[in-house]
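A short worksheet on the structure shown next.
The values are calculated or read from the model by the stated rules, or taken from the named source; none is laboratory data. The shown structure was predicted, so the numbers you read here are calculated from the model rather than taken from an experiment. Neighbour counts run over all protein chains shown; Cβ positions are idealised from the backbone, glycine included.
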Amino acid sequence: MKTIFILLLLPILAQAESYTFSGGANNLAHKIASEILTKAYNRSGITIKPLFLTLSDSLQQSNAGITDGEIARIASITRFAPNLRQVPVSIIQVQAIAYSKNKTLIINNWEDLRGHKLVIVKGAKFIEVGTANLERALVSTFDAALDLLQQDKTEIIVIPKLAGINLIYKKKYHDIKAISNSLQTLKLYHFVHKKNSHLIPVILPALKKMEKSGEIAFMRKAHLIKAANSLQNR
């Protein structure tokens, strides 16, 4: 009966206007996730549009129903955005990495950041939580964080690894290096606004099929290899 309902629903969804899902600007993880989702939704006969904003604005708009949901967020994001509903297939991982121009610094955990001038990005919730007991400044974008570090206005920034790789390459900030391994690694999931809960039984089978076939892993790996090669050749 459930399968019949989904099949009957697909033509209605296909005729509907496209759905817009928001995510973080200059966030490689969200870019990769948006490409995975575009392919999965297309196979379900649905068109989607990614909208890249600051992380904070993205979450505010998706929770308010201004956009149709989030491209990719941590599982616990509903603590901050209760109107979002999770699609339970992990599409990418995110890692918190400390970056600095001071290559003698070694950061092994969140507590090692104490006593250093620290900047993080507002809206990167797992980093906000990890540094909640530390003195730190918040900026709106990953670009702003990297710029402050490059200009020696802060000692350390903590941002997602893929965002760091992407922007360090684009901005040619050769002096900025990772000074930690992952301080925390979390899986990211697609979320829809509660008004779009009907999309979950439609997109879930498509994502599960892509996961089982290895297609999601292949798309992630292709982007990561490209990013790694870019860093090596800079």
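Looking at segment 117-136, I want the residues that are not assigned by TED's automatic domain parsing to the domain that holds HIS30 and at pLDDT below 95 and have a partner that is basic (Lys, Arg) and surrounded by fewer than 18 Cβ atoms within 10 Å (Cβ to Cβ) with Cβ atoms under 7 Å, at least 6 apart or on another chain. Which pairs are those? Listed pairs, sorted by first residue: none to list. The condition of being buried (at least 16 other Cβ atoms within 10 Å of the Cβ) and either over 18 Å from the mean Cα position of the chain (by Cα) or not in a helix (DSSP H, G or I) (or both) holds for only one of ILE127, ILE91, that being ILE91. Could you check, for segment 174-196, whether at least one of its residues is assigned to a helix (DSSP H, G or I), modelled with pLDDT of 95 or more and either of a type in the set (D, E, K, R) or over 23 Å from ILE92 (Cα atoms) (or both)? Yes - at least one qualifying residue is present in segment 174-196.
The residues in segment 38-55 that are under 23 Å from LEU167 (Cα atoms) and buried (at least 18 other Cβ atoms within 10 Å of the Cβ) can be counted, and the count is 4.
Surrounded by fewer than 16 Cβ atoms within 10 Å (Cβ to Cβ), out of contact with any strand residue (DSSP E or B) (no Cβ under 7 Å at 6 or more places or on another chain) and at pLDDT 95 or above: is that true of THR3 in this structure? Spelling it out, it is not the case that THR3 is surrounded by fewer than 16 Cβ atoms within 10 Å (Cβ to Cβ), out of contact with any strand residue (DSSP E or B) (no Cβ under 7 Å at 6 or more places or on another chain) and at pLDDT 95 or above. In segment 6-56, of all residues being at pLDDT 55 or above and of a type in the set (Val, Ile, Thr), the one that is nearest to ILE200 (Cα to Cα) corresponds to ILE46. Remark: pairs (first residue in segment 170-188, farther than 26 Å from GLU111 by Cα; second residue at pLDDT 95 or above and crowded, with 16+ Cβ neighbours inside 10 Å; Cβ separation under 7 Å; 6+ apart in sequence or on different chains) = LYS171/LEU146; TYR173/LEU146; TYR173/GLN150.
Of the residues screened, LEU51 is one that is assigned by TED's automatic domain parsing to the domain that holds LYS208 and in a strand (DSSP E or B). Annotation for segment 68-77: no member residue is modelled with pLDDT of 95 or more, touching a strand residue (DSSP E or B) at 6+ places or on another chain (Cβ under 7 Å), surrounded by fewer than 17 Cβ atoms within 10 Å (Cβ to Cβ) and basic (Lys, Arg).
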